[in-house]
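A.B. asks: Once you've had a glance at the structure underneath, I'll fire off some questions.
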Amino acid sequence: MNEYNPNFQLDANGQLRHFLSIEGLDREMLTRIMDTAESFAGVVADQPVKKVPLLRGKTIVNLFFENSTRTRTTFELAAKRLSADVLNINIETSATAKGESLLDTVRNIQAMHVDMFVIRHGESGAPYFIARHVEPHVSVINAGDGRHSHPTQAMLDMFTIRRYKRTFEGLRVAIVGDILHSRVARSQILALNTLGVAQVRVIGPRTLLPVDAESLGVRVFHKMDEGLQDVDVVIMLRLQKERMRGAMLPSEHEYFSCFGLTRERLRFARPDAIVMHPGPINRGVEIESRVADGDSSVILQQVGYGIAIRMAIMTMAMHSKARSKAS
Ligand code: NCD
């Protein structure tokens, strides 16, 4: 399942056919996704009838092999607001729990005339594997695979940054915490560097940073006070206890005392810095409530922007196929 081909997600015209990773997408494509999301942001926030008919008659299946609240529900709402029919299948209630193989599950659902799969899986590469085996008219969107990638989350984070900071140029962005286990951080770093921010920093204990962190194109800090100095954006990550093996941390209390985001620590950042978190947040572990609920926090806004970004990505993937069929 580990064969990642970054170009595989684009069709012959360079348009999105699947959406599997930020890798292989250029600045123009990331900008186009955000511009498209911008046009949907008004639909989902301001219109009395929050629907457009762009994917009417299409069937989208959310196939989630791992738990999720925000990601699954925002994908579902995005599909509904595009007028698609949407089906949610969770591993607990699916046949895979009865021993059916991943591919048989996918093929059976595909036989029900499905147009798009949104996949979350605990194993890195699973959405690629599925994308290689679906019929040509079916798109696959990665909603998080193992520790590898979570590209729609990264795009909604980029969209949030652009909404608050207008441009990526000159920005210093710090990503704090459990980088090692975070598919979100990996996708964010790729997206931030592609969009041309001035500096991406990661801050965390050595045990929660990849050994070759610098090779990702970041500056590494082990102290909050130094890493947060003059940053424009602070992205906090959840401590992913379910992905840790062995004792990587002394205690949650000690973690908070070294790397927790407090109001006092946030003063090292620029006065207009925004604080982000992909959720779910652990209050008092990586972030204190005064910051999570404070004026700098845009954590709930991120959730809302997730709908517009997912609408954009789904529409772009579906329309690239319509075009290639017509040509
Ligand atoms: C993230 C995930 O599942 O990768 N959350 C999310 O999608 N909203 C991050 C996390 O679980 O910590």
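The values are calculated or read from the model by the stated rules, or taken from the named source; none is laboratory data. These numbers were taken from a predicted model, which means no experiment stands behind them. Cβ placement follows ideal geometry from the backbone for every residue including glycine, while neighbour counts extend to all protein chains displayed. For the accessible areas, the whole protein counts, side chains as well, though only heavy atoms, and no ligand, DNA or RNA atoms are used. Shrake-Rupley method; radii C 1.70, N 1.55, O 1.52, S 1.80 Å.
A.B. asks: Which listed residue (V220, V43, Q301) has the Cα farthest towards the positive end of the charge dipole for the chain, taking +1 on Lys and Arg C-beta and -1 on Asp and Glu C-beta about the Cα centre?
C.D. replies: V43
A.B. asks: Same structure, new question: With bins 5 Å wide starting at 0, give me the P(r) of the range 151-299 over every alpha carbon pair, in whole percents.
C.D. replies: 2, 10, 22, 25, 23, 13, 4, 1, 0
A.B. asks: Follow-up question, since we're still on this one. Roll a 1.4 angstrom probe over the protein heavy atoms and tell me the percent of accessible area of the chain that is carbon or sulfur. Mind dumping the intermediate values first?
C.D. replies: Details: 7020 of 14170 Å².
That share works out to 50 percent.
A.B. asks: When a/c reaches 1.5 or more, the comparison of a/b and b/c decides; with that in mind, is the range 133-237 rounded, prolate or oblate per its Cα gyration tensor? Don't jump to the answer; show the numbers that get you there.
C.D. replies: Details: a/c = 2.47, a/b = 1.42, b/c = 1.74.
Because a/c hits 1.5 or more and a/b fails to exceed b/c, the range 133-237 counts as oblate.
A.B. asks: Could you pull out the longest piece of the chain with no exposed loop trypsin sites (Lys or Arg not before Pro) in it, calling a site exposed if DSSP puts it outside H, G, I, E, B and it has at most 15 other Cβ atoms within 10 Å?
C.D. replies: 57-165
A.B. asks: Residues with amide H under 5 Å of H150's amide H, sequence separation 5 or more or different chain, H placed in the peptide plane at 1.01 Å from N; which?
C.D. replies: Excluding prolines and chain starts, which carry no amide H, the hits are S187.
A.B. asks: Between S251 and N67, take the C-beta separation as r, use R0 = 30 Å, and let me know the FRET efficiency to the nearest 0.05. Can you show the working numbers first?
C.D. replies: Details: r = 25 Å, r/R0 = 0.83.
Calculated value: 0.75.
A.B. asks: For the chain, calculate the relative contact order in percent as a whole number, restricting contacts to Cα pairs under 8 Å that are 6 or more residues apart.
C.D. replies: Values: 606 pairs, mean separation 66.3, N = 327.
About 20 percent, as a whole number.
A.B. asks: Something else now. Pop a pseudo-label 7 angstrom from the Cα along the beta-carbon direction at both T31 and Q229 and give the gap in nm to one decimal.
C.D. replies: 3.3 nm
A.B. asks: Provide the per residue accessible area, probe 1.4 Å, for the range 146-271, rounded to a whole number of square angstrom. Each step should come with its number before you reach the end.
C.D. replies: Values: 5370 Å² over 126 residues.
I get 43 Å² per residue for the range 146-271.
A.B. asks: Let me ask something else. Could you check what % of the DSSP bridge pairs in the chain are antiparallel, to the nearest 5? Before the final figure, lay out each step's value.
C.D. replies: Values: 2 of 37 bridges.
Around 5 percent of the beta bridges assigned by DSSP in the chain are antiparallel ones.
A.B. asks: Calculate the spin-label point distance for K241 paired with Q301, positioning each point 7 Å from the Cα along the beta-carbon direction, and give it in nanometres.
C.D. replies: 3.1 nm
A.B. asks: Put +1 on the Cβ of each Lys and Arg and -1 on the Cβ of each Asp and Glu in the chain; which of I235, N67, H133 then has its Cα farthest toward the positive end of the dipole?
C.D. replies: Going by the Cα projections, it comes out as H133.
A.B. asks: Please give the contour-minus-distance gain from N90 to E38: 0.36 nm per residue of separation, less the Cα-Cα distance, rounded to one decimal in nm.
C.D. replies: Details: separation 52, 0.36 × 52 = 18.72 nm, distance 3.04 nm.
15.7 nm is the gain from fully extending N90 to E38.
A.B. asks: Can you give the FRET efficiency to the nearest 0.05 for N108 and K51, using r as the Cβ-Cβ distance and R₀ = 22 Å?
C.D. replies: Working: r = 30 Å, r/R0 = 1.35.
That gives a FRET efficiency of 0.15.
A.B. asks: Quick query: amide H of L180 versus all other amide H atoms, modeled in the peptide plane; which residues come in under 5 Å with a sequence gap of 5 or more or a different chain?
C.D. replies: Counting only residues 5 or more places away or on other chains, the set is L209.
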